[in-house]
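Visitor: Take this structure first; my questions come after.
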Amino acid sequence: MVEKLQSLRGMVDLLPHHTPPWQRVEAAAREQFRRAGVQEIRTPLLEATELFCRGIGEATDVVGKEMYTFLDRGDRSCTLRPEGTASVVRAVIQHGLLSQGPQRLWYGGPMFRYERPQAGRQRQFHQIGLEFLGFAEARSDVEAIAIAWDLLADLGVQELALELNTLGSNDDRARYRDQLVAYLQQHRDQLDSDSQERLERNPLRILDSKNPETQALLSEAPTLAGALDSQSNERFEQVKAGLKALQIPFTLNPRLVRGLDYYSHTAFEITSTKLGAQATVCGGGRYDGLVEQLGGAPTPAIGWALGMERLALLLTQTGTAQKHPAPDLYLVNRGPTAETSALALARSLRQFGLSVELDASGASFGKQFKRADRSGAAWAAIVGDSEVSRSVVRLKPLRDEAAVECELPLEAAAISGFLTREDRSLCPLDP
RNA sequence: GCGGGCGUAGCCAAGUGGUUAAGGCAGCGGCUUGUGGCGCCGCCAUUCGGGGGUUCGAAUCCCCUCGCUCGCCCCA
């Protein structure tokens, strides 16, 4: 017996009945970006491994243990992108886009991380992201967040919470890191094993541990806010004031830390309680050091990414997702000459902008009507040999009780005109 | 990488050692070879994720394995 072929773990097929919410999100995002003057950029899925090591940071879990990395036939180390920002920054530097001024960019597409799948987390997952490059003002942080907030609002997603924090400047963070490590070292034995390990590699991430004992210990720890210099503090105040001015509600979360090394200052997440463990729909922040780190001129920047799977999950749960639309017309046809005419008619009707499902089965009229009904189409058009010989087509209403079955000339223009006019209770050709 | 739950048809699902594996939805064919929605009839798993074992006998018990799923971790 032949072994069954199936998709790789964590690689999900989106079947036709899954795609409507995705299409809705994509359309809403495009519209939101259009209004905000944000332009699309598309970068390759495959990049040199080096890009992510330098961009995201070797110490992060994403780079350390989650990347799809392999040698190509020329022995180059390649990696399927685990996130979008590094590639966008690489492309912007490579093509000198910043010489034309600050850039407002968006991207979308699949990302790859080798993790254990669970609700809202796949190995191939999809993000839509925004990047503002060359923008330093606190105002730009607020604008970036507002675009995400408005996009989610447009989609009708309820019960969202914006959580906000600042990571301070690189100096602030280095200073705080020392304070935190010094404090936690004194209580090392009270930490869970994960956190003990992170004490060496990435101590800030102990802050968002879910372990209650660790959290209790942290309530006595020095705070990141306490380590900020006056400039960083002032900057954060401006961001908060900007959000208030736009009436975007937020809560401060001093434990909010980003998992990728390039973030500084503003960090935020938009979460939903309806998503299970993977609650973050959108996450982002400022990354002023990244462009320089990847070989460009020092350039301030801020961005975010939102998770399509999680958003689609929310839209499906709340019932705001729709089904694929039914065709305008189902074309029933049977007989040697009729089948040829029907195909030609379907084609010209489609040129009039109508959606037409052509029955290709050659089955009995009864069967074809059964399928016409199930297609959800409002009208069935019947083309048989007897109609073709008289150059007519019969139109039969399937949904509208008030409408009557009638004959029209076998011409797309006549049919299109009839279907788009207001009153169809009378047929023009009826005696 | 670690832990829990679960694998019977395209989907939902009964069956917990006795040999023809219920039922429903969907699909296909017919009643109805040119008029749908309802109804009726028929067809649709040599087999219970896969492999091995126990037994006279296994979907049911044991072992291994694969997959799905939820959580930890991580993150969007």
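Coordinate-derived values only; no laboratory data. Bear in mind that the values here come from a model prediction, so they are computed numbers and not experimental data. Glycine gets a Cβ as well: all are built from the backbone with ideal geometry, and neighbour counts include every protein chain shown.
Visitor: Would you mind calculating the gained length between A:Asp13 and A:Arg116 on full extension (0.36 nm times residue separation, minus the Cα-Cα distance), in nm to one decimal?
Guide: So the chain would gain 35.4 nm between A:Asp13 and A:Arg116.
Visitor: So how strong a dipole does segment A:35-148 carry about its Cα centre when Lys and Arg Cβ are +1 and Asp and Glu Cβ are -1, to the nearest 20 debye?
Guide: That gives a dipole near 280 debye.
Visitor: Go ahead and estimate [θ] at 222 nm for chain A from helices alone: -39,500 (n - 2.57) per DSSP H run with n ≥ 4, summed, over the residue count, rounded to 500.
Guide: Working: 15 runs with 162 residues, N = 431.
It comes out at -11500 deg cm²/dmol, rounded to the nearest 500.
Visitor: In a solvent-free Debye calculation with one equal scatterer on each Cα, what is log10 I(q)/I(0) for segment A:310-365 at q = 0.20, 0.22, 0.28, 0.30 Å⁻¹, listed in the order of the q values?
Guide: Per q value, in the given order, log10 I(q)/I(0) is -0.72, -0.80, -1.08, -1.16.
Visitor: Angle, helix A:308-317 long axis vs. longest principal axis of chain A, Cα atoms, 0 to 90°, nearest 10?
Guide: Taking Cα atoms only, the helix is inclined about 60 degrees.
Visitor: Given +1 on the Cβ of Lys and Arg, -1 on the Cβ of Asp and Glu, and no further charges, what dipole in debye does chain A carry about its Cα centre, rounded to the nearest 20?
Guide: 720
Visitor: Counting other Cβ atoms within 10 Å, which trypsin sites (Lys or Arg not before Pro) in segment A:310-341 have at most 16 and lie in a DSSP loop?
Guide: A:Lys323
Visitor: I've got another one for you. When ranked by the protection proxy of mean other Cβ atoms within 10 Å per residue, highest first, what sequence do the peptides A:41-53, A:83-95 form?
Guide: Per-residue mean Cβ counts within 10 Å order the peptides as A:83-95, A:41-53.
Visitor: With a 10 Å cut-off between alpha carbons and a GNM built on chain A, which of A:Met67, A:Met11, A:Met111 moves the most?
Guide: Greatest mean-square fluctuation among the candidates belongs to A:Met11.
Visitor: Let me ask something additional. Answer with one residue from A:Gly242, A:Gln179, A:Asn211: the one whose Cα lies farthest towards the positive end of the charge dipole of segment A:166-252, charges on Cβ with Lys, Arg +1 and Asp, Glu -1.
Guide: A:Gly242
Visitor: After finding the eigenvalues of the alpha carbon gyration tensor for chain A, what semi-axes result from the square roots of 5 times each, listed largest first in whole Å? Working shown, then result.
Guide: Working: eigenvalues 627, 110, 92 Å².
With the √(5λ) rule applied to chain A, the semi-axes are 56, 23, 21 Å.
Visitor: Another one. What is the spin-label model distance, in nm, from A:Ala277 to A:Lys210 if the labels are put 7 Å beyond Cα along the C-beta direction?
Guide: Going from the A:Ala277 label point to the A:Lys210 one covers 0.5 nm.
Visitor: Of the trypsin sites (Lys or Arg not before Pro) in segment A:201-265, which ones lie in a loop per DSSP and count no more than 10 other C-beta atoms within 10 Å?
Guide: A:Lys210
Visitor: Calculated FRET efficiency, A:Glu292 and A:Thr223, Cβ-Cβ r, R0 41 Å, to nearest 0.05?
Guide: Calculated transfer efficiency: 0.90.
Visitor: Between A:Ser375 and A:Glu26, what's the calculated FRET efficiency when r is the beta-carbon distance and R0 is 22 Å? Round to 0.05.
Guide: The value I calculate is 0.30.
Visitor: Something else now. Could you go through segment A:10-21 in sequence order and give the Karplus-derived ³J(HN,Hα) for each residue, using 6.51 cos²θ - 1.76 cosθ + 1.60 with θ = phi - 60°, rounded to whole Hz, and x for Gly and Pro?
Guide: x, 10, 10, 7, 9, 7, x, 7, 9, 6, x, x
Visitor: Identify all lysines with a Cα-Cα distance to A:Lys396 below 21 Å; exclude those on the same chain that are fewer than 8 residues away in sequence.
Guide: A:Lys396 reaches A:Lys367, A:Lys370.
Visitor: Residue-wise, which Karplus ³J(HN,Hα) couplings in Hz belong to segment A:197-205, taking 6.51 cos²θ - 1.76 cosθ + 1.60, θ = phi - 60°, and x for glycine or proline?
Guide: Whole-Hz 3J(HN,Hα) from phi for segment A:197-205: 5, 5, 4, 8, 7, 7, x, 4, 6.
Visitor: If you don't mind, there's one more thing I want to ask. Nearest 5 is fine: what % of DSSP beta bridges in chain A come out antiparallel, could you say?
Guide: Antiparallel: roughly 80 percent of the beta bridges in chain A.
Visitor: A further question follows. With r defined as the distance between the Cβ atoms of A:Gln158 and A:Ser389 and R0 fixed at 45 Å, what FRET efficiency is calculated, to the nearest 0.05?
Guide: 0.15
Visitor: Where the only charges are on Cβ atoms (+1 Lys, Arg; -1 Asp, Glu), what is the dipole of segment A:195-263 about its Cα centre, to the nearest 20 debye? Numbers along the way, then the final one.
Guide: On the way: 9 positive and 9 negative charges, 56 e Å.
My answer is approximately 280 debye.
Visitor: If you build the Cα gyration tensor of segment A:102-249 and take the root of 5 times each eigenvalue, what three semi-axes come out, in whole angstrom, biggest first?
Guide: Working: eigenvalues 185, 108, 48 Å².
Taking √(5λ) for each eigenvalue gives 30, 23, 15 Å, largest first.
Visitor: Between A:Glu234, A:Glu269, A:Glu339, which gets the highest mean-square fluctuation from a Gaussian network model of chain A, Cα cutoff 10 Å?
Guide: Checking each option, the largest mean-square fluctuation is seen for A:Glu339.
Visitor: Give me the distance in nm between label points sitting 7 Å out from Cα along the Cα-to-Cβ direction at A:Ser355 and A:Arg255, one decimal.
Guide: 4.7
Visitor: Okay, next question. Just to be sure I understand the model, the point goes 7 Å from the Cα along the line to the Cβ. What's the resulting A:Asp150 to A:Glu40 distance in nm?
Guide: About 2.0 nm separates the two model spin labels.
Visitor: Would you mind telling me which residue in A:Ala305, A:Ala29, A:Ala245 has the biggest mean-square fluctuation in a Gaussian network model of chain A, where springs connect alpha carbons within a distance under 10 angstrom?
Guide: Comparing A:Ala305, A:Ala29, A:Ala245 in the GNM, the peak value goes to A:Ala245.
Visitor: Please give the contour-minus-distance gain from A:Ser364 to A:Leu343: 0.36 nm per residue of separation, less the Cα-Cα distance, rounded to one decimal in nm.
Guide: Length gained between A:Ser364 and A:Leu343: 5.8 nm.
Visitor: Hey, another quick one. In terms of Cα to Cα distance under 29 Å, which lysines are near enough to A:Lys210, apart from those fewer than 8 places away along the same chain?
Guide: Here the lysines satisfying the reach criterion relative to A:Lys210 are A:Lys65, A:Lys240, A:Lys274.
Visitor: Which far-off residues, 5 or more places away or on another chain, put their amide H under 5 Å from the one on A:Asn333, with H placed in the peptide plane?
Guide: So A:Asn333 has HN proximity to A:Asp359, A:Val383.
Visitor: Rounded to whole Hz and in sequence order, give me ³J(HN,Hα) for segment A:400-411 from the Karplus expression 6.51 cos²θ - 1.76 cosθ + 1.60, θ = phi - 60°, writing x for Gly and Pro.
Guide: Result, ordered by residue: 8, 4, 6, 6, 10, 6, 8, 10, 10, x, 6, 9 Hz.
Visitor: In nm, what is the difference between 0.36 nm times the number of residues separating A:Ser193 and A:Leu51 and their Cα-Cα distance?
Guide: 48.0 nm
Visitor: Once the Cα atoms of helix A:138-154 and of chain A are each reduced to a long axis, what angle between those two axes, in degrees from 0 to 90 to the nearest 10, is obtained?
Guide: 30
Visitor: For chain A, find the longest principal axis of its Cα atoms and tell me its angle to the long axis of helix A:170-186, 0 to 90°, nearest 10.
Guide: Rounded to the nearest ten degrees, it is 70.
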